[in-house]
Amino acid sequence: LRFETQNNSPDHADFAPRLGIAWGVAGTPKNPPKTVVRAGFGMFYDRFSYDLVAQQQRLNGNIQQKFIVDNPNFFLRDTPPVSQLQQSGTPTIVYEANSHLRTPYIMQTGVSVERQLSKSANLAITYLNARGVHAFFTNNINAPNPANNGQRPMPNQGNIFQFESDGVFRQNQLSVNSSIRMGTKLSAFGYYTLNYASSDTGGSGYFPSNPYDPSEDYGRAAFDVRHRVFIGGSAGLPYAFRVSPFLIASSGSPFNVTTALDPFGDSLFNQRGAFATCPSSSPTVKQTQYGCFDSNPQPGEKIVPINFLTGPGRFTLNLRLSKSFGFGKKTEATNAGPSGGPGAGGTFGRGPGGPPGQRGGFGGRGPGGPDGNLSNHRYSLTFSVAARNIFNHVNLATPVGNLSSSLFGFSNGLTGQPFSQSTSNRRIDLQVSFNF
């Protein structure tokens, strides 16, 4: 049982029970079990981070004032003084925390079955269910209300951006992973995940499209990437050469269909479009490769669900080829031998893909795996060539989702790590390492 608290949040008593069990099927003291069944449950809390605390302290309307000026007729050098902005009725922005703010937490349940297939290979299948409550988002509680002739609830004040904790998310994952370890000759691993995630918030900086009904944004989460595959390994070749491939593939990320309109008059342009029928004589109806949408939804039209569309899939294959030269006194091999049976311990931690973002993937080392001393000498010199995205596959970023843009539905950049670099699509590195 874990207990957590935070002094700058009104929620001070956060109990986090965690339980994990493991059962070795048909095992004996002399013969370890080849199959292990695991189950676990845990509660994992998030924190109201220090930057949010500092933001509400600075932008409280007194210490630091922030204004939004629509269609300004001045430039940076002739910005009017604060007093003039106040007299003109320019809305201010004040940040505050809800007096009933709760600490977000995730309740995660997991079940897995691990099987030792041979002396050097194993397989594991895992199911994870995660339920998150009290997730953070920021809401304008003083936004002009179109249902009340655009009047603010507090007419004498401007925008009040309040940190709230009423968000929820649900996630189900099924993963299959396997590994093979045969000393220096061959090592390989594979990991596949099937993921479903729904939420009505994207984190503390997320603003609901309807400040008077945040639940309208419940739908596909930003991290609802359906399929992910990771395959990697390392194999020894003749003449002390070694090849290490690393493949990553995933489905596309979801994205929103938004308009350039601000029906609530709060300078937040995150309202979604509506479904439409083509052909249409309306100038606001746009025909796209994804169908027809109305960029100016009218009463009675069905609003497009959040994250309704999916971007392009992604794929990359990284490869390293290395050659080692050993010299000096010979030493005993330090490489691990064949793996044993499944372990009997362990519990489930926070699973991949939780809020507010999606799982980052297997980062860290480059495309070829570890660079350890692969010779049986005290010293070794290794030359290698490493190619990231060796096939030069173009991994596009999430498409533009603004219906008012001429680039709607098209990507205008690369997706970035781990599929490509910010400055290049394919990269080749020459490396030299000395091990002792």
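Listed conditions (1) crowded, with 18+ Cβ neighbours inside 10 Å; (2) modelled with pLDDT under 90 are all met by residue 299, apart from (1).
Condition first: over 27 Å from residue 417 (Cβ atoms), of a type in the set (Phe, Trp, Tyr) and either within 21 Å of the chain's Cα centre (by Cα) or buried (at least 18 other Cβ atoms within 10 Å of the Cβ) (or both). Now tell me which residues in region 239-268 satisfy that. Break it down into steps so the answer makes sense when it comes.
Start the filter on region 239-268 by keeping residues that are over 27 Å from residue 417 (Cβ atoms), which leaves 239-241, 259-268.
Cutting the leftovers down to of a type in the set (Phe, Trp, Tyr) gives us 239, 241, 264.
264 - this is the single residue of region 239-268 that is over 27 Å from residue 417 (Cβ atoms), of a type in the set (Phe, Trp, Tyr) and either within 21 Å of the chain's Cα centre (by Cα) or buried (at least 18 other Cβ atoms within 10 Å of the Cβ) (or both).
Residues that are of a type in the set (D, E, K, R), over 18 Å from residue 113 (Cβ atoms) and out of contact with any helix residue (DSSP H, G or I) (no Cβ under 9 Å at 6 or more places or on another chain) are absent from region 195-209 altogether. I need every pair where a residue in region 1-30 that is closer than 14 Å to residue 44 by Cα and touching a residue at least 12 places away in the same chain (Cβ under 8 Å) has its Cβ under 6 Å from the Cβ of a residue that is outside any strand (DSSP E or B) and among the aliphatic types (A, V, I, L, M), sequence separation at least 6 or different chains. Going by the 6 Å Cβ cut-off, the qualifying pairs are 17/1.
Quick one: would you say residue 54 is touching a helix residue (DSSP H, G or I) at 6+ places or on another chain (Cβ under 8 Å) and among the small types (Gly, Ala, Ser)? Write out each step before concluding.
On the way: touching a helix residue (DSSP H, G or I) at 6+ places or on another chain (Cβ under 8 Å): no; among the small types (Gly, Ala, Ser): yes.
It is false that residue 54 is touching a helix residue (DSSP H, G or I) at 6+ places or on another chain (Cβ under 8 Å) and among the small types (Gly, Ala, Ser).
Just one of (1) part of a strand (DSSP E or B); (2) of a type outside the set (Ser, Thr, Tyr); (3) more than 15 Å from residue 247 (Cα to Cα) fails for residue 410. It is (1).
Scanning region 153-183 for residues being within 24 Å of residue 227 (Cβ to Cβ) and buried (at least 20 other Cβ atoms within 10 Å of the Cβ) gives a total of 3. Selection of region 44-86 for residues being small (Gly, Ala, Ser) and in a loop (DSSP other than H, G, I, E, B) yields 49, 61.
Could you tell me which residue of region 5-42 is modelled with the lowest pLDDT, considering only residues that are of a type in the set (D, E, K, R) and surrounded by fewer than 17 Cβ atoms within 10 Å (Cβ to Cβ)?
Filtering region 5-42 for residues of a type in the set (D, E, K, R) gives 11, 14, 18, 30, 34, 38.
Restricting the remaining residues to those that are surrounded by fewer than 17 Cβ atoms within 10 Å (Cβ to Cβ) gives 18, 30.
On the way: 18: 96, 30: 83.
Per the stated criteria, the residue is 30.
A residue that is touching a strand residue (DSSP E or B) at 6+ places or on another chain (Cβ under 7 Å), in contact (Cβ under 8 Å) with a residue 40 or more places away in the chain and aliphatic (A, V, I, L, M) cannot be found anywhere in region 72-90. Residue count for region 386-404 satisfying the condition of being in contact (Cβ under 8 Å) with a residue 40 or more places away in the chain, surrounded by 14 or more Cβ atoms within 10 Å (Cβ to Cβ) and either hydrophobic (A, V, I, L, M, F, W, C) or assigned to a loop (DSSP other than H, G, I, E, B) (or both): 13.
For region 107-143, filtering for residues that are of a type in the set (A, V, I, L, M, F, W, C), in a strand (DSSP E or B) and either surrounded by fewer than 21 Cβ atoms within 10 Å (Cβ to Cβ) or free of Cβ contacts under 8 Å to residues at least 60 places away in the same chain (or both) leaves 8.
Against the criterion of being of a type outside the set (Ser, Thr, Tyr), in a loop (DSSP other than H, G, I, E, B), surrounded by 15 or more Cβ atoms within 10 Å (Cβ to Cβ) and more than 27 Å from the chain's Cα centre (by Cα), residue 293 does not qualify. Condition test on residue 335, is it in a loop (DSSP other than H, G, I, E, B) and either of a type in the set (A, V, I, L, M, F, W, C) or modelled with pLDDT of 75 or more (or both)? No: the conditions fail for residue 335.
The values are calculated or read from the model by the stated rules, or taken from the named source; none is laboratory data. Quick caveat: nothing in here was measured; it's all calculated off a predicted structure. Virtual Cβ from ideal backbone geometry, glycine too; neighbours counted across all protein chains shown.
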